[in-house]
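This report concerns only the one structure given below.
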Amino acid sequence: MKFERVYFVNGTAYAGKSTLVKALARKYDGIACEENYHDALLPELDKNEFPNLTYTRDLEDWHLFIRRTPEVYARWVRDVAKECEILELRMLEEIVKEGKPVFVDTNISVETLKDISDESHVLIMLSDPSISVNRFFERPDKEKQFLYQLMLEEEDPQAALDNFRQGLTLINSPENYEALLHSGFPVLLRDENRTPEQTLALAEEIFGLRK
């Protein structure tokens, strides 16, 4: 196993990945690699090597971003994830040298995780695919609210919202959900009746952290 003290959390949006990663890092005096932690490298990226990640970095008119077809948007998200994986692996090589346990909210694919880790160091967290589509703009994230405001500025705001949600539907498809569910790694499903503390305890058991 390449990363012996790294614990990876992959899965879908609104499943609790970010909350769990931060809680684990606090409890075990570890390092939390939170969502999109690779953005720290974004300013220095070569647009020829990372055309998808640098697309938004160099974008001058963000209305073009939201006007893309659902198919183009979904393909871009998938390609971004592939580029993020390259950066994450580079960064983790350095982060592990600090000697602390590392907890990662990751874009790394399950295929790659099988090569660099094992079942006791990877957790898949899933929420119903419809949640990511219907509740995308409910979060106060600056990025999401920025996109929402752009859509409201469009000539037909509802059409812009519908177009974007169609892209989210492609990304959060039942097929993608099933692939993660049956990846071979331990899975935690979103449960509204489960507290963050209970989720933490389940993750600790899966990761073999509880003594």
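Among the residues of the range 146-157, which ones are more than 29 Å from ILE124 (Cβ to Cβ), part of a helix (DSSP H, G or I) and in contact with a helix residue (DSSP H, G or I) (Cβ under 9 Å, 6 or more places away or on another chain)?
Of everything in the range 146-157, those that are more than 29 Å from ILE124 (Cβ to Cβ), part of a helix (DSSP H, G or I) and in contact with a helix residue (DSSP H, G or I) (Cβ under 9 Å, 6 or more places away or on another chain) turn out to be LEU150, MET151, LEU152, PRO157.
Looking at the structure I just gave you, is THR169 touching a residue at least 60 places away in the same chain (Cβ under 8 Å) and among the β-branched types (Val, Ile, Thr)?
Considered against the rule, which asks whether it is touching a residue at least 60 places away in the same chain (Cβ under 8 Å) and among the β-branched types (Val, Ile, Thr), THR169 comes out as yes.
Scan ALA25, ALA32 and give me the residue that is of a type outside the set (Asp, Glu) and part of a strand (DSSP E or B). Give the steps one after another, and end with the answer.
Numbers: ALA25 fails: part of a strand (DSSP E or B).
Sole residue among the options that is of a type outside the set (Asp, Glu) and part of a strand (DSSP E or B): ALA32.
Which residue pairs have Cβ atoms under 9 Å apart, sit 6 or more places apart or on different chains, and have a first residue in the range 32-48 that is touching a residue at least 24 places away in the same chain (Cβ under 8 Å) and on the phi < 0 side of the Ramachandran plot and a second that is outside any helix (DSSP H, G or I) and among the hydroxyl-bearing types (Ser, Thr, Tyr)?
Listed by first residue and then by second, the contacts come to CYS33/THR106.
Since LYS47 meets every condition but one in (1) within 22 Å of LYS97 (Cβ to Cβ); (2) in contact with a helix residue (DSSP H, G or I) (Cβ under 6 Å, 6 or more places away or on another chain); (3) surrounded by fewer than 13 Cβ atoms within 10 Å (Cβ to Cβ), which condition does it not meet?
(1)
List the pairs whose first member sits in the range 197-211 and is within 18 Å of GLU4 (Cβ to Cβ), whose second member is small (Gly, Ala, Ser) and surrounded by fewer than 18 Cβ atoms within 10 Å (Cβ to Cβ), and whose Cβ atoms are under 6 Å apart, counting only residues at least 6 apart or on separate chains?
Note: pairs meeting the criteria are GLY208/SER120.
Need the failing condition index for LEU168 against (1) assigned to a strand (DSSP E or B); (2) of a type in the set (A, V, I, L, M, F, W, C); (3) more than 30 Å from GLU93 (Cα to Cα), just the number.
Going through the list (1) assigned to a strand (DSSP E or B); (2) of a type in the set (A, V, I, L, M, F, W, C); (3) more than 30 Å from GLU93 (Cα to Cα), LEU168 breaks only (1).
Just name the residue that is nearest to the chain's Cα centre (by Cα) out of those in the range 163-211 that are of a type in the set (A, V, I, L, M) and farther than 30 Å from PRO101 by Cβ.
ILE171
Quick check on my filter: what residues within the range 50-74 are surrounded by 15 or more Cβ atoms within 10 Å (Cβ to Cβ) and closer than 29 Å to LEU20 by Cβ?
Passing the criteria: PHE50, ASN52, LEU53, TYR73, ALA74.
No value in this document is a laboratory result; all are computed from the given coordinates. These numbers come from a predicted model, not from an experiment. No Cβ is skipped: glycine too gets one built from the backbone with ideal geometry, and neighbour counts run over all protein chains shown.
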